[in-house]
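Below is one structure, written out as structure tokens; comments come after it.
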Amino acid sequence: MCGIVGYIGFREAYPILVKGLRRLEYRGYDSAGVALINHDNKLSVLKTKGRVQDLENYAKDKDTTGTIGIAHTRWATHGEPSNANAHPHYSQSENLALIHNGIIENYAVIKAELIDKGYTFHSSTDTEVLVQLIEYIKKINNCDLFTAVQLALNQVVGAYAIAIIEKGNPDNIIAARKSSPLIIGIGEGEYFLGSDASPIVEYTNKVIYLDDEEIAILSRNKDPKIVTISNIEKTPEIKELEMNLSQLERGGYPHFMLKEIFEQPETLRSCMSGRINVEGTNVTLSGIIDHKDKFINARRILIIACGTSWHAGLIGEYLFEEFCRIPVEVEYASEFRYRHPVIYSDDIVIAISQSGETADSLAAIELARKAGAFVYGVCNVVGSSIPRNTDSGSYTHCGHEIGVASTKAFTAQVTVLTMMALAIAKEKQTIEEAKYLEIIKELQHIPDKIQKILDLNDKIKELSLIFTYAQNFIYLGRGYNYPIALEGALKLKEISYIHAEGYPAAEMKHGPIALIDNEMPVVTIATHNTIYEKVVSNMKEIKARKGRIIAIITEGDETIKAFADHYIEIPSTVECLDPLLSSIPMQLLAYHIAVNKNRDVDMPRNLAKSVTVE
Ligand code: F6R
């Protein structure tokens, strides 16, 4: 989703801003722009539809001098992708330039009022309305830029992360946030701004995470000042960034997605590190230990998430019900927040999110907290909004995920949920010691087993060629592998744009089996587990209708090999850990089909990495 970069200091701003925009490209966008106060004190805005490269081409013969500037990548919400709708937006007098992530919900009313007062608009965006409002307020109150921003933000309803600069005022950037992340990087005599840490990390590891309704005044050669929109001054809290630069580079892989798929043995080791003891006999999650009574006495677990994280949540449902004997409901955050859900004060709400910034998940958390439930976050991005708005939680520690299609974050989420289920079950004494030890032992073998599947990459690539031109795909699984069928279908559709559906295998005969003919590829996960025989029967039903079966099977399964059209063998494991292995061929298959189709794998069309609008 939209990205923000800002700089004020002693260096030329433009190269820093453009590099920052490139670092943010992974978030998904359709236009890009910069605003600079040039060396001759002019305020110039350069922007264009398209990629950062298009912006650079456009800016080649323009004045890009100046040591202060703001820059933006836009993911269209109000108004189509176009030059006019790209950010930054000028105010009427062209004295102010503003960039904005989020949505101003009451923009139409404010716009109508400003039109009545003689303001004209050049774009269809809510952002232009905000910059015009700031200018109007500044004019009628004859106040400084900070005061005008503060007064304006008291009038707007919605979500924002903004940065604004002013002609003739080369010493200040004003930035503010509400429900959309904004980070300030603190250098020596310079400040950086980013909607996430990626444009900042190569310059400094000291950051301030702005909180909701806070406005930052970044002035040349002065300490940063933070004041809320209700005019309360805050002491800036400087934190250390956990990200490093190598996480932002492809490291020899053609795409971030492939790099992230191959990183999984390492990311899962890092996810388990310090949580499973050296003897391999115990799982400790401090977030659970510190609140163990809450978990022991929980009436119910509600899991809220979106997309791939929601699929991880479905696996959590199987884990918590089987081992902890706590009833679980898994909800799409976007539905949960608007459907007047029943939430008890002795419910535990687990919010799962890679980015920690998903707007719907944040709203669902707010609802749960208001109802008095205990909220636990499972997030990847350290310091993001969800960990800061939950009672406790566990990080997934899988490093920065750049590919829009989530891979390593998903397996790390499932690993954390598994460890949570084990830790709670042990406290509740709902798991037998032998089972507990067996799962912990097997968890530690998972990274090596994933590596074995990654070694099949060439075979999966070859297989992908056969199916590149399929129009539709069906993915089937049961039990712990059912969410993986959904996830496999999602991976394929988001990066290859092929229509794909995931189903629990036994549901086929209740309708979807009508779709099966000799052109329909059916990816079926059929590993050796308690419902293996039933899945085999479901596969036979598909085969009888000439569907083309690609089976994900346990190594050495001669029964399925004998009738499947194609198969991928994966190592055996305990049933509850199956998803950590069966998800890997799904990721690789989707990846190679998308590459064969020449798709933009890391930045698929219409998608954003961090969905900060609802
Ligand atoms: C798909 C994908 C999305 C995200 C979803 C939630 O590959 O990445 O479906 O899972 O947008 O995002 P987070 O986990 O950041 O809350």
Which listed pairs, of LYS111/LYS138; LYS509/LYS543; LYS117/LYS167, have C-alpha distances above 20 Å, in listed order: LYS117/LYS167
Rg/Rh (Cα only; Kirkwood hydrodynamic radius) as it applies to the stretch 456-604: 0.93
The stretch 1-60: chymotrypsin sites (Phe, Trp or Tyr not before Pro) falling in loop per DSSP and having at most 12 other Cβ within 10 Å: PHE10
Antiparallel %, DSSP beta bridges [both residues in the chain], to 5: 60
Alpha-carbon centroid distance for the pair the stretch 442-510 / the stretch 107-170, whole angstrom: 48
Between 0 and 90°, nearest 10: helix 457-467 axis offset from the chain longest Cα axis: 90
Proximal charge balance of GLY158 [Cβ under 11 Å; K/R count +1, D/E count -1]: -2
Over 29 Å (Cα to Cα) - which of LYS370/LYS428; LYS259/LYS459; LYS292/LYS609; LYS441/LYS609 fall in this group: LYS292/LYS609; LYS441/LYS609
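Dipole size in debye (nearest 20) for the chain around its Cα centre, Lys and Arg Cβ +1, Asp and Glu Cβ -1?
Values: 63 positive and 79 negative charges, 128 e Å.
That gives the chain a dipole magnitude of about 620 debye.
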Alpha-carbon centroids, the stretch 1-65 and the stretch 173-252: separation in whole Å: 18
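Please report the antiparallel percentage of DSSP beta bridges with both residues in the stretch 253-453, rounded to the nearest 5.
Working: 1 of 21 bridges.
Taking every DSSP beta bridge within the stretch 253-453, about 5 percent pair in antiparallel fashion.
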Filtered GluC sites (Glu not before Pro), the stretch 446-553: DSSP coil and at most 16 other beta carbons within 10 Å: GLU519
Alpha-carbon centroid distance for the pair the stretch 330-364 / the stretch 390-420, whole angstrom: 17
Cα-based helix-to-principal-axis angle, 107-116 vs the chain, degrees rounded to 10: 20
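Explain nothing, just the number: relative contact order of the stretch 456-604, from Cα pairs under 8 Å at least 6 residues apart, as a whole percent.
Values: 267 pairs, mean separation 44.9, N = 149.
RCO, the stretch 456-604: 30 percent.
Would you please classify the overall shape of the stretch 253-453 from the alpha carbon gyration tensor, given that a ≥ b ≥ c denote the square roots of the eigenvalues, rounded means a/c under 1.5, and beyond that prolate means a/b larger than b/c while oblate covers the rest? The partial results should precede the final answer.
Numbers: a/c = 1.94, a/b = 1.14, b/c = 1.70.
Oblate.
How about the stretch 334-384: which chymotrypsin sites (Phe, Trp or Tyr not before Pro) there are in a DSSP loop, with at most 13 other Cβ atoms within 10 Å of their Cβ?
Details: sites: PHE336, TYR338, TYR344, PHE374, TYR376; in loops: TYR338, TYR344.
Here the sparse-neighbourhood loop sites are TYR338, TYR344.
Before anything else, pin down the relative contact order of the chain: Cα pairs under 8 Å, at least 6 apart, normalised by residue count, whole percent. Don't skip to the answer; put the middle values down first.
Numbers: 1383 pairs, mean separation 73.3, N = 614.
Worked out over the chain, it gives 12 percent.
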The stretch 3-241 shape via C-alpha gyration tensor axes, a/c threshold 1.5: rounded
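Taken together, the values in this text are just the output of simple stated rules run on the coordinates, not laboratory data. As the structure is a computational prediction, the values presented were derived from the model and not from experiment. Here Cβ is always computed from backbone atoms with ideal geometry, including for glycine, and neighbour counts include all displayed protein chains.
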